[in-house]
Amino acid sequence: MGHFDGEGYLYLGDRRSDMILSGGANIYPAEVEAAIDEHPAVRSCAVVGIPDDDLGNRIHAIVQAVCPVTDNELRTFLAERLVRYKIPRTFEYTSEAVRDDAGKVRRSALRAERS
């Protein structure tokens, strides 16, 4: 998916199949992941939509941290970078890599493990 700006430049976002529909808003995981990856305690992350009865999907971040970090620290950090509805509702921390050897996130597998 992508969009054109006012000057006609094309900006590519994420695959449509990766888009998370949460509370009526379209959320692209790559945008949220880029913001989380800016945190100095984060090595890598992946963002997926987890089924939610009220929202349709809730944003869930799987974080591989280099040192301890709390949900509140990440939420405060992300509040300066993302609009409120794009901030993950839940966080999960892992010591394992969230990307494969090619650096790609296997979202369908991550979603299946958590649904």
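Laboratory data are not the source of any read-out in this text; all were calculated from the coordinates shown. Note that this is a predicted model, so its numbers are computed, not measured. We place every Cβ from the backbone using ideal geometry, glycine too, and count neighbours over all the protein chains shown.
Charges on Cβ only, +1 for Lys and Arg, -1 for Asp and Glu, centred on the Cα centroid of segment 13-115; of Gly103, Cys67, Ser22, which one is farthest towards the dipole's positive end?
Result: Ser22, furthest along the dipole toward the positive end.
Helix-only estimate, please: 222 nm mean residue ellipticity of the chain, summing -39500 (n - 2.57) across DSSP H runs of length 4 or more and dividing by its residues, to the nearest 500. Let's see the in-between values first.
On the way: 3 runs with 26 residues, N = 115.
The helix-only estimate for the chain comes to -6500 deg cm²/dmol at 222 nm.
Rounded, prolate or oblate: which fits segment 2-114, taking a ≥ b ≥ c as square roots of the Cα gyration tensor eigenvalues, rounded meaning a/c under 1.5, else prolate when a/b beats b/c? Intermediate results must be reported in sequence, preceding the final value.
Working: a/c = 1.35, a/b = 1.28, b/c = 1.05.
Rounded, since a/c falls under 1.5.
Select from Ala61, Ala34, Ala46 the residue whose mean-square fluctuation is largest in a Gaussian network model of the chain (Cα-Cα springs shorter than 10 Å).
Ala34
Quick one: which residues, 5 or more positions from Ala65 or on another chain, have an amide H under 5 Å from its amide H? H modelled 1.01 Å from N in the peptide plane, none for Pro or chain starts.
Arg43, Thr94
Hey, can you grab everything whose amide H is under 5 Å from the amide H of Arg81? Only 5+ residues off in sequence or another chain; H modelled, so Pro and N-termini drop out.
HN-HN under 5 Å from Arg81: empty list.
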